[in-house]
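Chemist: Mind looking over this structure? Questions follow.
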Amino acid sequence: MNPAWSPWTLGWTALALATFVFLFFRTAPYGRHAEGRWGPTIAHRVGWIVMEITSPIVLLAALWTTHDGSLSDLPSSHRVLVGLWLGHYAYRAVAYPFIMRWKHRRMPVLIMGSAVAFNLVNGGLNGTHLALRPALSIDSPLFLIGGILFVAGLLINIHSDAILRSLRKPGETGYRIPEGGLYRFISCPNYFGELIEWIGFAMMAATPAAITFAIWTAANLIPRALAHHHWYRDRFEMYPAGRRAVVPFIL
């Protein structure tokens, strides 16, 4: 059975588009955009782990329950897709929060809860749709190109985070202008990398859930990248004038 667009996935996509518009008027209040009026807060590292680890757990649970309680006979193409998903979140939920220097940073519990709710729906939809998807051809051009994009995006993400991390010595606070890598061209190459990842995944999986996740990624990250870009320009007089926000030479 091939998963089709349903009122649920169409509604989820419409919500992504509405969120995209909303985030141009209200930047999510965490990180450098944190505000003190969003209620109780939690240590940023703890909040990050809780919200990110939800996604792979729910994907596996949805895949397992929809696939008759077994994952042992998954087609090889599905194993690749699950492996890429788990690889991404192994970095985002396990490695990333411990290598970043967030000792004193806080996150609103409301933001963490919203992200957990999103990952419950997103992981559940993707796991279910993947279980219902017939076996894909691993050697098809779309699958191969999508895989290359995913891996390239993940490497861009990791490299860009490493550059950010190197800007501060242990114990230092404050912000500096990042240099090197794709920071020569854009303010948020880590977001650019994540966009590429999930566009590649959508090409590989070719399910409504995967396509909707790519749309959600753009809806969340493009407005935030623009907010970051304007923040840098306002804060640093000598910020490179030719640098774009999230897509080299374009946006």
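Chemist: Using the structure shown, decide if G124 is surrounded by 19 or more Cβ atoms within 10 Å (Cβ to Cβ), out of contact with any Gly (no Cβ under 7 Å at 6 or more places or on another chain), in the same structural domain as D68 (by TED's automatic domain parsing) and closer than 30 Å to T65 by Cβ. Full working, then the answer.
Modeler: On the way: surrounded by 19 or more Cβ atoms within 10 Å (Cβ to Cβ): yes; out of contact with any Gly (no Cβ under 7 Å at 6 or more places or on another chain): yes; in the same structural domain as D68 (by TED's automatic domain parsing): yes; closer than 30 Å to T65 by Cβ: yes.
Taking the combined requirement at face value, the residue satisfies it.
Chemist: Quick one: which residue in A135, A152, A131 is touching a helix residue (DSSP H, G or I) at 6+ places or on another chain (Cβ under 8 Å) and surrounded by 19 or more Cβ atoms within 10 Å (Cβ to Cβ)?
Modeler: A131
Chemist: Which of the numbered conditions does A95 fail, given that it passes all the others? Conditions: (1) surrounded by 14 or more Cβ atoms within 10 Å (Cβ to Cβ); (2) under 26 Å from V246 (Cβ atoms).
Modeler: (1)
Chemist: Among the residues in the range 166-174, are any within 28 Å of A241 (Cβ to Cβ) and in contact with a helix residue (DSSP H, G or I) (Cβ under 6 Å, 6 or more places away or on another chain)? Show your work before the answer.
Modeler: To start, the set of residues in the range 166-174 that are within 28 Å of A241 (Cβ to Cβ) comprises 166-168, 172-174.
Retained after the next criterion (residues that are in contact with a helix residue (DSSP H, G or I) (Cβ under 6 Å, 6 or more places away or on another chain)): none.
No, every residue in the range 166-174 fails to be within 28 Å of A241 (Cβ to Cβ) and in contact with a helix residue (DSSP H, G or I) (Cβ under 6 Å, 6 or more places away or on another chain).
Chemist: With the requirement that a residue be charged (D, E, K, R) and within 18 Å of R92 (Cβ to Cβ), what does the range 170-210 give you?
Modeler: Keep residues of the range 170-210 that are charged (D, E, K, R), which gives 172, 176, 179, 184, 194, 197.
Scanning the range 170-210 gives E194, E197.
Chemist: Could you give me the residue pairs with C-beta distances under 6 Å whose first residue belongs to the range 178-196 and is on the phi > 0 side of the Ramachandran plot, whose second residue is surrounded by fewer than 23 Cβ atoms within 10 Å (Cβ to Cβ) and in a helix (DSSP H, G or I) wherever it lies, and which are 6+ apart or on separate chains?
Modeler: From the range 178-196, the pairs are G180/I163; G181/H159; G181/I163.
This table checks each residue for (1) among the charged types (D, E, K, R); (2) at pLDDT 95 or above.
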{"residue": "I148", "(1), (2)": "no, yes"}
{"residue": "D161", "(1), (2)": "yes, no"}
{"residue": "I177", "(1), (2)": "no, no"}
{"residue": "F185", "(1), (2)": "no, yes"}
{"residue": "Y191", "(1), (2)": "no, yes"}
{"residue": "A202", "(1), (2)": "no, yes"}
{"residue": "A206", "(1), (2)": "no, no"}
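Chemist: Might you check whether a residue that is within 18 Å of A209 (Cα to Cα), of a type in the set (V, I, T) and in contact (Cβ under 8 Å) with a residue 60 or more places away in the chain occurs anywhere in the range 72-88? Before you say what the answer is, go through the steps one by one.
Modeler: Initially, the range 72-88 is screened for residues within 18 Å of A209 (Cα to Cα), giving 77-86, 88.
Filter again for of a type in the set (V, I, T), leaving 80, 82.
Filter again for in contact (Cβ under 8 Å) with a residue 60 or more places away in the chain, leaving 80.
Within the range 72-88, one or more residues are within 18 Å of A209 (Cα to Cα), of a type in the set (V, I, T) and in contact (Cβ under 8 Å) with a residue 60 or more places away in the chain.
Chemist: When you look at A18, is it assigned to a helix (DSSP H, G or I), exposed (fewer than 15 other Cβ atoms within 10 Å of the Cβ) and either under 21 Å from the mean Cα position of the chain (by Cα) or modelled with pLDDT of 90 or more (or both), yes or no? Write out each step before concluding.
Modeler: Details: assigned to a helix (DSSP H, G or I): yes; exposed (fewer than 15 other Cβ atoms within 10 Å of the Cβ): yes; either under 21 Å from the mean Cα position of the chain (by Cα) or modelled with pLDDT of 90 or more (or both): yes.
In short, yes.
Chemist: While we're on this one: Which of the residues belonging to the range 107-125 are under 14 Å from the mean Cα position of the chain (by Cα) and either modelled with pLDDT under 90 or of a type in the set (S, T, N, Q) (or both)?
Modeler: Answer for the range 107-125, where residues must be under 14 Å from the mean Cα position of the chain (by Cα) and either modelled with pLDDT under 90 or of a type in the set (S, T, N, Q) (or both): N119, N122.
Chemist: Can you name every residue in the range 223-243 that is part of a loop (DSSP other than H, G, I, E, B) and of a type in the set (A, V, I, L, M, F, W, C)? I'd like the intermediate steps shown before the answer.
Modeler: Of the residues in the range 223-243, the ones part of a loop (DSSP other than H, G, I, E, B) are 236-243.
Answer for the range 223-243, where residues must be part of a loop (DSSP other than H, G, I, E, B) and of a type in the set (A, V, I, L, M, F, W, C): F236, M238, A241.
Chemist: Please enumerate the residues belonging to the range 22-56 that are modelled with pLDDT under 75 and assigned to a helix (DSSP H, G or I). Talk me through it step by step, then tell me what you get.
Modeler: At the first step, the residues of the range 22-56 found to be modelled with pLDDT under 75 are 27-38.
Passing the criteria: G31, R32, H33.
The values are calculated or read from the model by the stated rules, or taken from the named source; none is laboratory data. Model, not experiment: these values are computed from the prediction. Don't worry about glycine lacking a Cβ; one is built from the backbone with ideal geometry, like all the others, and counts go over all protein chains shown.
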